[in-house]
Each structure stands twice: as structure tokens, then as C-alpha cells.
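Here's the structure, in C-alpha cells; my notes come after.
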Amino acid sequence: MPQDKTELPPKIPTHVGIIMDGNGRWAIARGLPRMAGHRAGTENLRRVIEACIDFGIRYLTIYAFSTENWGRPQEEVQGLLRIFENVIDRELQQLYDMGVQLRHIGRLDGLKPSFQKKVLQAVEFTKKNDRLILNIAFNYGGRDEIICAIQRMIEDGVRPPEVTDELVNKYLFTAGVPDPDLIIRTSGELRVSNFLLWQGAYSEWYFSSTYWPDFDRQELLKALFEYSHRDRRYGLTPTTP
Ligand code: IPE
Ligand code: IPE
Ligand code: MG
């Protein structure tokens, strides 16, 4: 439901990244199994996507499963894979109707073929949408992304002097996507955990102690207001004396 526009901060980031953390602790605090937290986190994601659209954010990148998360107990790993598949099955049409273009960042190989096919079909199905570009980082690691880019540059015979910022950008999973202006991490953890290492070079960070399933529209708005007051200097001198 679009809200009254007067509630919006003066400056809206083009691209927001979110490290959706704290699902497990949210569940444990309620005496529930960790998977209940992941399900609640997925419900919340739908609400946050709607809010992003209402607030005029153009790109949203969400960290759903890291290259390190494979090391969790198998039951949880399988549960997370199932949740992602179910989201595509159940929510794709609704996301399409909302004007969302779905993209995947991370390594698709390593995921089972039927899963890969589902992701590629969802990407293809929504590719003409442009209201919100939603990058889902699944089986994603910032280091892995850089390694993958270097490997492909070597395969393509790129010569050392040709390696520039611009060229590296083209080889990353996020090719064509502007760098994130704002990265939010929920649950009180103050670390990067391998998320958008290259792209986040000059992102503004916002940390919230709220667990992801409770990080609602108002919490997002708080982050956006805080962002709108930041002076982004990119290594230069202050823009306001
Ligand atoms: C984030 O919640 C979701 C994923 C990493 C898949 P966690 O599962 O990390 O929750 P906590 O940090 O253990 O509370
Ligand atoms: C980062 O959260 C990964 C995702 C949110 C998908 P983690 O919970 O896996 O990260 P650490 O272990 O706290 O660094
Ligand atoms: Mg965590």
C-alpha cells in the first residue's frame, strides 16, 4: 500500500543491499526451531520488497545464502534451499505483477539442475520488468565473485593493461548494476560477512539490532532517513563546510 509521500526522506538511495541476519536468534528467542525464523524472514522479505517499491528504491540486493552457509547442519541447508524454491514457485507471479525484475547473483553451478532451471526461468520471465531490480544473492560470496571474475578474464585473454575498474565491474555477477548506496545489516552484527566486497567500496552502512523477521517498513524508513543525512565524500573534502 503506497503511503503518504510526505513521510519520505529527501534523498532516496538508488541501490540498497541488505544482509538479512538474525532469523535463527529470532526463532530461538520464541522457543521455535531455527527454520521457523527462516520462514518468518521470508514473509518479512515480501513486506520489505513492497516498501522498497513504495519508497522509489530501484535496486535491492538481498543476501539470502552465502558460500559459507553450506557449512551449517545439512537439515538447515536443505531447508533454506527448499524455502528459496518455494518462494519462486509461489511468489513469482506476484513479484511479476509488482513490476519486479528478478536476478540471481552467486554461483548457479553447485546447485541441483532443476533448481538452476527454476532460477533461470524466473529471471527470464521477469526480465522486462523495471520497477525494482531484485538481486538475490544465493550461493554468493564476495571473494568467490572476484575469483570467478578473474578466472573468466583470463579465459577471455584479457591483457593486464585492459584490467580497469570498469572491466572488473563487467565481469562481476552484478554487471550493469550500480554500486550499492546503502547496505543494511540487521541483528546487531557489525561485519561484512563476504557481501559485495568490491561493490561496497563506498557504500554507506547502517546497522540495526532488530532481527530480520522484525525489520519492517518503519525500520527501513529509519535507515533511509539516516542515509539521507550522510555526507558521502568518496575520499574528497566535505561538501558542506
Ligand atoms: C540469516 O539468519 C539467514 C541466513 C544466513 C540464511 P541466520 O540464520 O544467520 O540467523 P542467526 O544469525 O543465526 O540468528
Ligand atoms: C550472512 O549472515 C549471510 C546471510 C545473511 C545470508 P551469517 O549469519 O551467515 O554471517 P556470520 O556467520 O554472522 O558472519
Ligand atoms: Mg547469522
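The values are calculated or read from the model by the stated rules, or taken from the named source; none is laboratory data. This one's a predicted model, so the numbers in the text were calculated from it and none came from an experiment. Cβ: placed from backbone, ideal geometry, glycine included. Neighbour counts: every protein chain shown. When the accessible area is computed, the model is the full protein with side chains, heavy atoms only, and any ligands, DNA or RNA have been set aside. Shrake-Rupley method; radii C 1.70, N 1.55, O 1.52, S 1.80 Å.
Structure values in brief
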{"item": "From the C-alpha gyration tensor of the range 136-241, square roots of 5λ in Å", "result": "30, 20, 10"}
{"item": "Sites Glu189 and Thr239 - FRET efficiency at Förster radius 25 Å, r taken between beta-carbons, to 0.05", "result": "0.20"}
{"item": "Net +/- balance of residues flanking Tyr59 in space, Cβ distance below 10 Å, scoring K and R +1, D and E -1", "result": "0"}
{"item": "Expected 222 nm ellipticity per residue - DSSP helices of 4 or more, -39500 (n - 2.57), all of the chain, to 500", "result": "-13500 deg cm²/dmol"}
{"item": "Förster radius 35 Å - calculated FRET efficiency between Arg152 and Ala29 (Cβ-Cβ, nearest 0.05)", "result": "0.20"}
{"item": "The chain: Lys pairs at Cα distance under 29 angstrom, eight or more positions apart or on different chains", "result": "18"}
{"item": "Trypsin sites (Lys or Arg not before Pro) restricted to DSSP loop in the range 46-151 with at most 11 other C-beta within 10 Å", "result": "Lys127, Lys128"}
{"item": "In the range 180-234, trypsin sites (Lys or Arg not before Pro) in a DSSP loop with at most 14 other beta-carbon atoms within 10 Å", "result": "Arg191, Arg230, Arg232, Arg233"}
{"item": "Leu221 versus Glu166: modelled label distance in nm, points set 7 Å from Cα along the beta carbon direction", "result": "4.2 nm"}
{"item": "Residue (of Met153, Val123, Val192) at the positive-pole extreme of the range 61-206, dipole from beta-carbon charges", "result": "Val123"}
{"item": "For the chain, convex hull volume per residue from C-alpha positions, Å³", "result": "143 Å³"}
{"item": "Gaussian network model of the chain, springs between alpha carbon atoms under 10 Å - residue of Tyr211, Tyr63, Tyr202 with greatest fluctuation", "result": "Tyr202"}
{"item": "Within the accessible area of the range 175-225 (1.4 Å probe), percent carbon and sulfur", "result": "52 percent"}
